[in-house]
Structure formats: C-alpha cells, structure tokens
Amino acid sequence: TRKGKKILLAKEPQIIENDKQTMILKGAKTSGMVNDVLADMYKIRRQNTVMMAKSNPFLPFEDTQPLLDLLAKKDTSMFLFGSHNKKRPHNLVFGRTYDGQMLDMLEFGVTGFKKLCQFKQPKIPLGAKPCLIFNGDMFERYPEWGVVQNYLCDFFNTTKTSSINLQGLEYVLSFTACEPNILMMRSYEVNMKKSGTSTPYVELDEIGISLDLVLRRTQVATPEMKKLALKQPKAAKIGKTKNVTHDLAGSKLATVHMTKQNLEEMPQSRMKGSRKSEDGELKKKKKRKVKEDGDAEKEEEDEEAMETS
C-alpha cells in the first residue's frame, strides 16, 4: 500500500538522519529499584523515547537477536534494559545499534539511587538540553570508559543544535568516574544571578536523579564496524569549490567576479511619468516644425504672387 511504502522509505538510511529514538524496557524479572530507575530515566529522557510496559525475557549479552528484532520493529537505535537476578542484582544494560546490528553494550549495577520525588526543587521542562560534565581521568585513560563517555553523550543528546543561548542553559548532568569502576551521576538546576560583570554568577541546586553505578561488563564495537558507523555519505559532505563557501547553517555563499560594466550602454527602464513628459515634448517639437514649414510655404507663395504681378 501507499502508506506501507511511505513507512518503509522512512526506515531506510537517510542522508541526514532523524533524531535517535531510545527504547526503555524491562527484563523477565526486575526489582523495585530498577523499576524506579527506568521510570525516572524516562522522565528526564522522555523526548524521542519509547517506554515498554511489558516484561521481556531477553538476555542481551547471550542472545541479541530478539532484542534487535524488537528495536527494528519500533525503529529505535538505542535502548536501556533493566533486570534483576541473584547473580547480577539491580542490573542496567545500555546499548546502541547500527544497521540492524549491535554496536555497543554497557552493563552497570545500581548501588545507590535517589528518586526524583525525593528532591523538592522544580523539575526540568520537556525539551531542555542538558550540559554534560565528565569528571575524572578514567574517561581518558581506559578505552572502555571512553566508550562510556561517548555513549552518554549520544544517549542524552536528544536534539541536534548548532548553538545555544546562555539563558537556555537550565540544568547540568554531572558524571564522575572513580576507582574501581564506579560511575556517579548527578543532576543540577542552573541558577544564574547578578555578579556585577558580563558573566553571571552560577549556582547549582541538585534536583535528581542521583545514581551510583558500578561497571560490570562491556561489549565494544569492532574497529571495522566502528569505521562504518562513523562513515558519512558523500552527499552529506560539503565539497570544496572555487569561490564557494558554506556557513554553519549549511547555506551556500559564493563570490562572483565580473568585468567592468559600461553604464551608458546599459538599457534602462524609464518611469511612466518620464515617458509621458518625453512624448509631450516630441509632440510640441512636431507642432513647431509643422508651423515653421507652413509659414515658409506661405512666404514662398507671397513671393511668387508678387513676381507675377
């Protein structure tokens, strides 16, 4: 059908991709803490996010195909999976896919958690873009923590923007990595106050969620798949052309070189009023010429009459 073709075309790879969709889902068994974490993560990440209510008996690290089929059905490329068992209590799995294949997976265990309702400060409105802060040198020293940093930037980057207004910076997400394999996530509201200078005085008030995680397992993409995932199509690349540049918005700016123009020979459009005045002058000139010709003929006739007489 026409509607089905339209849906299939929307799912095909695009030159400029849409904002990434995220799915939050539960495993076969979950704890109360995991359910609260998933609910609060959906609240702060509810833009471009799908929350699945039913439980799913998936094991992401053992068999990824059922999870990949569900992600393809909902047209989502990122997921957050929560589960709980005796071997891995309060378990969270973050992951993302590329071209229908699993790209990265990060497994964390929840060791500490404070819900949004435990904080009295006002909550962040929908669509607000957070400022991400990463503390600790583990993100640079260890490759797996570099993947964690890259994934978190991808997960909380809801919409793409070229610039942001200082007044639009409403809240901050802080991620602190420390030994051994501990990640602490904190959320703060930004309050800007007068400082007497052009730069305002900034105060941070914690608004939740507060989450303490421990890194358990990772599954990182192969160099070949990572290269394919980072590859840009030729149509999306802005090529270099002589005398042609592009601004940040992608608009084309061109420089045109022209020879010197002779303005005297250039045809010019005349105003309607000027045309009337010129036509009137021409008519007056014709009348004068006709009158002069008539006077000249009359003088000649008079001279001829005098000669005959």
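The values are calculated or read from the model by the stated rules, or taken from the named source; none is laboratory data. Because the structure is a prediction, the values reported are computed rather than measured. Counting neighbours? That spans all protein chains shown, and the Cβs are built from the backbone with ideal geometry, glycine included. Just the protein is used for accessible areas: all its heavy atoms, side chains included, with ligands, DNA and RNA removed. Shrake-Rupley method; radii C 1.70, N 1.55, O 1.52, S 1.80 Å.
Could you tell me which of the residues Glu189, Glu107 is buried (at least 16 other Cβ atoms within 10 Å of the Cβ), touching a Ser or Thr at 6+ places or on another chain (Cβ under 9 Å) and acidic (Asp, Glu)?
The match here is Glu107.
Hey, can you tell me all the residues within segment 85-100 that are over 24 Å from the mean Cα position of the chain (by Cα) and either touching a residue at least 60 places away in the same chain (Cβ under 8 Å) or over 18 Å from Met51 (Cβ atoms) (or both)?
Taking segment 85-100 first, the residues over 24 Å from the mean Cα position of the chain (by Cα) are 85-93.
The answer is Asn85, Lys86, Lys87, Arg88, Pro89, His90, Asn91, Leu92.
Which members of segment 160-177 meet the condition of being open to solvent by 20 Å² or more (accessible area, probe 1.4 Å) and either at pLDDT below 90 or on the phi > 0 side of the Ramachandran plot (or both)?
Lys160, Thr161, Ser162, Ser163, Ile164, Asn165, Leu166, Gln167, Gly168, Leu169, Glu170, listed by residue number.
Kindly provide the set of residues from segment 18-71 that are β-branched (Val, Ile, Thr) and farther than 11 Å from Gly82 by Cα, ordered by number. Before you say what the answer is, go through the steps one by one.
First, pick out the residues of segment 18-71 that are β-branched (Val, Ile, Thr): 22, 24, 30, 34, 37, 44, 49-50, 64.
Result: Thr22, Ile44, Thr49, Val50, Thr64.
Out of Glu292, Glu301, I need the residue that is part of a helix (DSSP H, G or I), open to solvent by 100 Å² or more (accessible area, probe 1.4 Å) and at pLDDT 70 or above. Which one?
Glu301
Would you say Leu215 is part of a strand (DSSP E or B) and open to solvent by 70 Å² or more (accessible area, probe 1.4 Å)?
no
Determine which single condition Gly146 fails, assuming it passes every other condition in (1) surrounded by fewer than 17 Cβ atoms within 10 Å (Cβ to Cβ); (2) part of a loop (DSSP other than H, G, I, E, B).
(2)
Please work out if Asp36 is among the acidic types (Asp, Glu), farther than 18 Å from Ala221 by Cα, free of Cβ contacts under 8 Å to residues at least 24 places away in the same chain and in a helix (DSSP H, G or I).
The answer is no for Asp36.
Read through the list (1) more than 16 Å from Asp154 (Cα to Cα); (2) among the basic types (Lys, Arg); (3) in contact with a strand residue (DSSP E or B) (Cβ under 9 Å, 6 or more places away or on another chain), then give the number of the only condition that Lys20 fails.
Here Lys20 meets the rest and fails (1).
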